[in-house]
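**Q** Quick one: structure below, then a few questions.
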Amino acid sequence: MSRALDGYLSQVAAGLRGVSRRRRLMLLRELEAHLLDEAEARGIQGESAMSALLAEKERPGRLAEELAAGEGQDANHRGGTALAAGMIIGAATGSHMWFEGWRWYICVAFAAAQGLAVGAGYFWARRYWLRLDPWARTAVAVLLTSLLSIPLGFTTSHGFKPTRLLYGAYTGFLLERHSQERPLWQTLLEPVLFTAFMFAVETGFLGRIRFQWWQVPLELSFNATLLISVMLALKLRRVLAERWVLMPQEQG
């Protein structure tokens, strides 16, 4: 993705020669994910901008020593960030269902599955596909969140509902697409298109429900709530993306 980043990581790797291969790969992967998160949050593109970002960071040798000494802190930070961001998504969707009149235990189950399995699971695993191109990253995110959303299918009073998995896929799509700033018209159009898609699947393809106009505002508001919660979760993730060892040198 970046020659400057590859060079920086190589220098850090040279300073980790006393660390076992498995631990070294884990530390480098976590470091790369943090740097890419920060670059993405700051809108950095191009080799010169990435080089300027890396110049702000600690020298590779010193950073390697701190990473080796603080192993485990990085994973804890990433896990806590993923959990906090996922909780935003779960709380928002579960609360919306509560206001719609769903039974409390279904709201809680949906919030837990959507927030912990789909949201937190996405944020935890995302570092593995950061080097893919944008469309490939979106495809992987949709596939992963579709699988992670299987528990959502059981958040009903009538057994397993497979269309619940579409909400997980939609969440993954939004999370990956909005990892970078999008035009306002695209943001406004996404919940509208997904709402139309859900009604087409439920009423047309599966014939599970009978289309009624009063259901449209409810479905649209839920999908809009999901979009807003995703954007808030991404904002939180960006705020928490840096950890002390990756701060600019004058702040360390």
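The values are calculated or read from the model by the stated rules, or taken from the named source; none is laboratory data. These numbers were taken from a predicted model, which means no experiment stands behind them. No Cβ is skipped: glycine too gets one built from the backbone with ideal geometry, and neighbour counts run over all protein chains shown. Surface areas here come from the heavy atoms of the whole protein model, side chains and all, with no ligands, DNA or RNA. Shrake-Rupley method; radii C 1.70, N 1.55, O 1.52, S 1.80 Å.
**Q** With every protein chain kept in the model, how would you rank 51, 149 by accessible area, 1.4 Å probe, largest at the top?
**A** 51, 149
**Q** Arrange the residues 30, 40 by how much accessible surface each exposes, largest first, with a 1.4 angstrom probe.
**A** 40, 30
**Q** Here are some values of Cα Rg over 2.2 N^0.38 Å: [x] 1.14; [y] 1.00; [z] 1.39. Which one was computed from this structure?
**A** Recomputing Cα Rg over 2.2 N^0.38 Å here gives the entry labelled [x].
**Q** About the Cα centre, and with charges only on the beta carbon of Lys, Arg (+1) and Asp, Glu (-1), how big is the dipole of segment 158-240? Nearest 20 debye, please.
**A** 200
**Q** Would you kindly state how much longer the chain becomes between residue 59 and residue 132 on full extension, computed as 0.36 nm times their sequence separation minus their alpha carbon distance, in nm to one decimal?
**A** Length gained between residue 59 and residue 132: 23.6 nm.
**Q** On to the next question. What order do 98, 135, 129 take when sorted by accessible area (1.4 Å probe), most exposed first?
**A** 135, 98, 129
**Q** How would you classify segment 119-232 from its alpha-carbon gyration tensor, with a ≥ b ≥ c the square roots of the eigenvalues: rounded for a/c under 1.5, else prolate if a/b is greater than b/c, otherwise oblate?
**A** Oblate, since a/c reaches 1.5 and b/c is not below a/b.
**Q** Express in nm, to one decimal, how much length is gained between residue 26 and residue 193 on full extension, taking 0.36 nm for each residue of separation and deducting their alpha carbon distance.
**A** Full extension of this stretch gives 56.2 nm more.
**Q** Picking from 152, 36, 116, whose Cα lies most toward the positive end of the charge dipole for the chain (charges on Cβ: Lys, Arg +1; Asp, Glu -1)?
**A** 152
**Q** Using only protein heavy atoms and a 1.4 Å probe, report how much of residue 34 is accessible, in Å² to the nearest 10.
**A** Accessible surface of residue 34 is approximately 10 Å².
**Q** Between residue 108 and residue 212, what is 0.36 nm times their sequence separation minus the Cα-Cα distance? Round to one decimal in nm.
**A** Full extension of this stretch gives 34.8 nm more.
**Q** Now, a different point. What whole number of Å gives the distance from the Cα centroid of segment 99-114 to the Cα centroid of segment 121-153?
**A** 23
**Q** OK, next. Let's test the formula: R0 of 51 Å, r as the Cβ-Cβ distance of residue 236 and residue 14. What FRET efficiency results, to the nearest 0.05?
**A** That pair, residue 236 with residue 14, gives E of 0.90.
**Q** If you don't mind, another one. Give me the one-decimal nm value for the distance between modelled label points at residue 228 and residue 186, 7 Å along each residue's Cα-to-Cβ direction.
**A** Spacing of the two 7 Å Cα→Cβ label points: 2.2 nm.
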